[in-house]
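All remarks here apply to the structure that follows.
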Amino acid sequence: MICMNNSELKKLISRQKSNYSLDQEFYVSQHIFDLDIKNIFSKQWVFVGHISRIPNYGDYFLFNIGKESIIIVRDKDDSVHAHYNVCRHRGSHICLENEGNSKVLICPYHAWTYNLDGSLRGARLMDKDFNKNDWHLHKCNSQLFEGLIFINLSEHPNDFEEFIAPTKKFIEFHGLSDAKIANRQYYPTEGNWKLTLDNFHECYHCQPSHPEYCQVHDKDYIIAYGAGSNTGPASEKFDNILTEWNTKVEKMGHLTGEYYETEFNDYSRSAERTPLKEGMFTETKTGKPISKLMGKFKDYDCGYTSVGTSPFNSLLMCNDFATLFTFIPISPLYTQVELMWLVHKDAEEGKDYNLEEMKWMWDVTTIADKRIIEDNQKGVLSKKYVPGPLSQMERGLEKFKSWYLKHLENSLI
Amino acid sequence: MICMNNSELKKLISRQKSNYSLDQEFYVSQHIFDLDIKNIFSKQWVFVGHISRIPNYGDYFLFNIGKESIIIVRDKDDSVHAHYNVCRHRGSHICLENEGNSKVLICPYHAWTYNLDGSLRGARLMDKDFNKNDWHLHKCNSQLFEGLIFINLSEHPNDFEEFIAPTKKFIEFHGLSDAKIANRQYYPTEGNWKLTLDNFHECYHCQPSHPEYCQVHDKDYIIAYGAGSNTGPASEKFDNILTEWNTKVEKMGHLTGEYYETEFNDYSRSAERTPLKEGMFTETKTGKPISKLMGKFKDYDCGYTSVGTSPFNSLLMCNDFATLFTFIPISPLYTQVELMWLVHKDAEEGKDYNLEEMKWMWDVTTIADKRIIEDNQKGVLSKKYVPGPLSQMERGLEKFKSWYLKHLENSLI
Amino acid sequence: MICMNNSELKKLISRQKSNYSLDQEFYVSQHIFDLDIKNIFSKQWVFVGHISRIPNYGDYFLFNIGKESIIIVRDKDDSVHAHYNVCRHRGSHICLENEGNSKVLICPYHAWTYNLDGSLRGARLMDKDFNKNDWHLHKCNSQLFEGLIFINLSEHPNDFEEFIAPTKKFIEFHGLSDAKIANRQYYPTEGNWKLTLDNFHECYHCQPSHPEYCQVHDKDYIIAYGAGSNTGPASEKFDNILTEWNTKVEKMGHLTGEYYETEFNDYSRSAERTPLKEGMFTETKTGKPISKLMGKFKDYDCGYTSVGTSPFNSLLMCNDFATLFTFIPISPLYTQVELMWLVHKDAEEGKDYNLEEMKWMWDVTTIADKRIIEDNQKGVLSKKYVPGPLSQMERGLEKFKSWYLKHLENSLI
């Protein structure tokens, strides 16, 4: 089906069964992908970079999604602007390099010149009725929170404060505003963004596919909490471990607890603090402390903070480093996955931390997931693919799926 | 024209002229290609491999066509199963390598495990109402005949016995069940599958394009029989040669004769035995015997057996080796061509046969045909292409064309 | 919008604002591209090569545009024929090499043989009612003028004499019929053909983007005449320079003056003679004479002749060499640009001219333009692209744009 009208799509949505994967169309159709971008991705606040990537006045980087290129640039007053990389004259890209430094933005075609706030500074030889104030760069909504740069492609974005409120204290505790990027890496994945997120929303596959993850995390944690709280069958054993840990951690004055959406809304946020496997201080092969403590941690509490700000971002944070995920839908069969490892801004590589040890688990696991998702997509393209039943460890996927379908349906009204 | 409705397509079909090539649409349109796959290719029994490729319990190989991947696997009792390579859980490909050995089929994603007969053996942590019997791998129809593995992608395949009956004795005489694969090779061809088959259905191009073929086969044979019996102008000279040879061969107790469809039906089968060029024992440069005699041959009768089981397969068999062709439509402008050379199972390379000498003629000829077909496709894409008149040596092409058009038309009712 | 009907497209055309760039659709849509090819490109006489490329009887070269391949071949009587490279039998390409020599055109598939004038010479084994006269190669309209080979893909081409009349004397003065190709080069450009031509129709970008061009040409010329007469703001200073130069040149008996369309018609032609920067004899880095004087030049008049025969060709000619441009639309986002440098037929490389010095300016400038156009296209693909206001130096672009829109609109009636 090349194109569907709204009533056909509604029927298709209503045919989706609870606790089953989605019909093929959702994972392959260009039409549904276009709606996804317009109605789901473009309405979310998405984390796209950390302030440490642009430490100086004039520093910029590009965030590319499909046909769009966004310039993220730091101004004189340390404010951060986001602009569409499209000259208002004839439409040329203005910044051609993925990152750089420039005190003004000069279009390479005809030298129209913009200030870093996007206002037009100069344009030669224009007619007399030309008014520079009419030709500001197209602004992209952006917010800086705890060093994290969020953008929102919507014309009428949701209020940022409302959006960040429930996960705020979890992020703040880790002191990301005093952090720096230790490493950044892309894992381009030839699969639909929903297959990519499905993979991230369940830990049913962790045991067969991720020996490294299973080596680092407690077996009972993986079953009950592997993809977030209440995403697997209850585990009395892990509940006891968690209760005991909470008591210990509260005595240390550290944060405990969890957040999940209790009713349907525009967001799909979650947060929780849980203990690592016994004996592990941080998420590495040996579990030994690997870098400077971050944020408000006075001592190692050996916990793990998982925060989801939207389906497109996950923040997985230990006491001494953090791994941040960004999932970018590019086309129906292609998703860009970016990982960023953050450490305390004063930590020095080679002295305070060893990068290879720190990135080991999520690097090897994301490489495995890339392959898994690509093989998943291949099978889903078969005429014989039909949705299959989900296991007890795939409740997180079902949650995401029903949020997604409701969102998509609402957008068709 | 991106899309046509049935009545437009029927009009187009009725406009096709007898003894002319087809209109451009048939060679380029995605819409017609999709119908071809659904109504022509998917209804035929197609030879995809020889049993010697999976000699042991658990041996498997994949047969890929477009978005479909089929697992062909040998079970404990030596039976052969064909399954769609799609896990019933979330749809992942199960087998990732083109061939291998496995006593159970384990999905690499969540470790759902299937027996070789496709029945679900294990799935962890499913809900209580989950019934393993409901989640058998999607079966693909398959048949083993004389060591040849045939599959049929239809939900309601034609009866295999009815299908194979007329060509049976020709195939059996060559003892393919006691054969083994000496070589397998792909010739990916950037041309529509019908242009690819057109090329195979006439020998009008043999003289200008295939000096190697013309070196090995008799000139009068090429004219009268190059693309099968009754595909070129009658040759009294070759008729005499054939009559004489038949007499000789019948005395030896070998098979003679031919088969062709006398009325329109679901099949497009043919078979015939003819003599090679005088002095040739087999289809090589020198014509000297090159391997062990196969099947029921007691001595060299210097004959050539051509069998077409469907438009997508041809079996060209000498007394001591056989060359099998599989033509797989992949997309409107792309066809996969696979050649398989079979020898007696006890023949040893280097000792009983020389591979390079054996494959020489069809290898060099298929490479030439690949180029020819690709240049044909380029011209057919021109706005100026119009069907041209067929020669007296292209009767086989006309036969295939009318069978194809009638099939396509019937599918639109 | 995958497809538009005529009334939607008319509305879109009527929404285009004077002195602004075009809406995104015009630079990206497959539908509009197809109309462009049919209604604009295919109706123009397009220069595709110079006779010196096929000096001998039987010499040919191919001109490829999208799915079409045209054979340009020189016959015994030195006439030039253009044929579609499509065999009338089954449609194969006939000539497979980009250039060569052949006294007859033999299809490599079945050896149908054509005379160089396109008439069918031989076809083996055809039915009795087959008439060779019915199967002439599809002719493409072609004209040889002053050594320049023009083709026209229309079924009913405009009269060539009418077409060439206004630019005739400008071209003739340069003696291109006594010239030869010194160099030919492609600059494949990933941008819509209109973005490619927009770039060629204004010199507003010359200052920021083309230091080499600005080094060779007078600043006041660039502003007023950079993209042709009346394409920039008037410059009294350059007007004086031009008047003075005209007087000098007329005394020498050379040609002066200009041509531009004064009312809307099928053509978009222009021509003018202007002086080079003071002290420059020709369009090279040093400005010193670089080759033999061409055509009717008795001595260097230090002028520059710019001729546009259609939007798809520009001829930029100095006294001692000429640079010819051909712009070929290939797909919505891809344009082939070909440059040809011509010198006097008796000039010898290494002795009379140095190729690197001669091609330097337009080679480096066209490489820069390729990048510029590609970055322009990237930004125009953004959802945020909207047409921007044109400067006083982009009047040439506005002229082309309005000619194009009117043509497109007329074709919809």
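Taking amide hydrogens as placed 1.01 Å from N in the peptide plane, the amide H of A:Gly191 sits under 5 Å from those of A:Tyr334, A:Thr335, each at least 5 positions away in sequence or on another chain. What the Cβ-Cβ distance of C:Met4 and B:Glu8 gives, at R0 = 30 Å and to the nearest 0.05, is a FRET efficiency of 0.90. The modelled label-to-label distance between A:Asp34 and C:Lys285, using points 7 Å beyond Cα along the C-beta direction, is 5.1 nm.
Where a Cα-Cα gap under 12 Å defines reach, which aspartates and glutamates qualify for C:Lys76, not counting those fewer than 8 residues away within the same chain? Of all the aspartates and glutamates, those that pass the test against C:Lys76 - Cα under 12 Å, at least 8 places apart if same chain - are C:Asp59, C:Asp117. Note on A:His254, A:His174: ascending count of other Cβ atoms within 10 Å places them as A:His254, A:His174, the fewest first.
Among the aspartates and glutamates, which fall within straight-line cross-link reach of A:Lys169, defined as a Cα-Cα distance under 13 Å, with same-chain neighbours fewer than 8 residues apart omitted? List returned: A:Glu146, A:Glu161, A:Glu258, A:Glu272. Per-residue shielding of C:387-395, expressed as the average number of other chain Cβ atoms within 10 Å of the residue Cβ, stands at 6.
The aspartates and glutamates within cross-link reach of B:Lys248, meaning a Cα-to-Cα straight distance under 15 Å and a gap of 8 or more places when in the same chain, are B:Asp239, B:Glu278, B:Asp299, B:Asp301. Here is the link list: A:Lys132/C:Lys401; B:Lys285/B:Lys345; B:Lys38/B:Lys399; A:Lys43/C:Lys11. Which ones come out longer than 29 Å on Cα distance? Those over the limit are A:Lys43/C:Lys11.
Shown here for the range A:18-104: GluC sites (Glu not before Pro) in loop regions (DSSP other than H, G, I, E, B) with at most 14 other Cβ atoms within 10 Å, namely A:Glu97. The fewest-to-most ranking of A:Leu405, C:Leu9 by surrounding Cβ atoms within 10 Å reads A:Leu405, C:Leu9.
About the centre of its Cα atoms, chain C shows a dipole size close to 820 debye [charges on the beta carbon of Lys, Arg (+1) and Asp, Glu (-1) only; nearest 20 debye]. The distance separating the Cα centre of the range C:186-248 from that of the range A:114-189 comes to 39 Å.
Legend: calculated FRET efficiency, B:Tyr20 to A:Arg124, from the Cβ-Cβ distance at R0 = 51 Å, rounded to 0.05, equals 0.20. Rounded to the nearest 500, the helix-only mean residue ellipticity at 222 nm of chain B stands at -9000 deg cm²/dmol, with each DSSP H run of n ≥ 4 adding -39,500 (n - 2.57).
Which FRET efficiency value, to the nearest 0.05, is calculated for B:Ser331 and B:Lys383 with the Förster distance at 22 angstrom and r the Cβ-Cβ distance? Present the calculation step by step, with values, prior to reporting the outcome.
Working: r = 21 Å, r/R0 = 0.97.
The formula returns an efficiency of 0.55 here.
Place a point 7 Å from Cα of B:Ser154 in the direction of its Cβ. Which residues in the range B:46-80 have their backbone N less than 12 Å from it? Once the point is set 7 Å along Cα→Cβ of B:Ser154, B:46 turn out to lie under 12 Å by backbone N, inside the range B:46-80.
Neighbour counts of other Cβ atoms within 10 Å put B:His210, A:His81 in the fewest-to-most order A:His81, B:His210.
Return the subset of C:Lys180/C:Lys359; A:Lys180/A:Lys277; A:Lys180/A:Lys296; A:Lys194/B:Lys128 for which the Cα-Cα distance in this structure is over 18 Å, preserving the input order. The answer is A:Lys180/A:Lys277; A:Lys194/B:Lys128. Comparing A:Leu355, A:Leu333, A:Leu176 in a Gaussian network model of chain A, where Cα atoms under 10 Å apart are tied by springs, the biggest mean-square fluctuation is seen for A:Leu355. Placing a label point 7 Å from the Cα of A:Glu244 along the Cα-to-Cβ direction, the residues of the range A:286-315 whose backbone N falls under 17 Å from that point are A:301-304.
Read-outs throughout are calculated quantities, based only on the coordinates presented, and are distinct from any laboratory measurement. Just so you know, these numbers come straight off a predicted model, no measurement behind them. Every residue, glycine among them, receives a Cβ derived from its backbone with ideal geometry; neighbour counts consider all protein chains shown.
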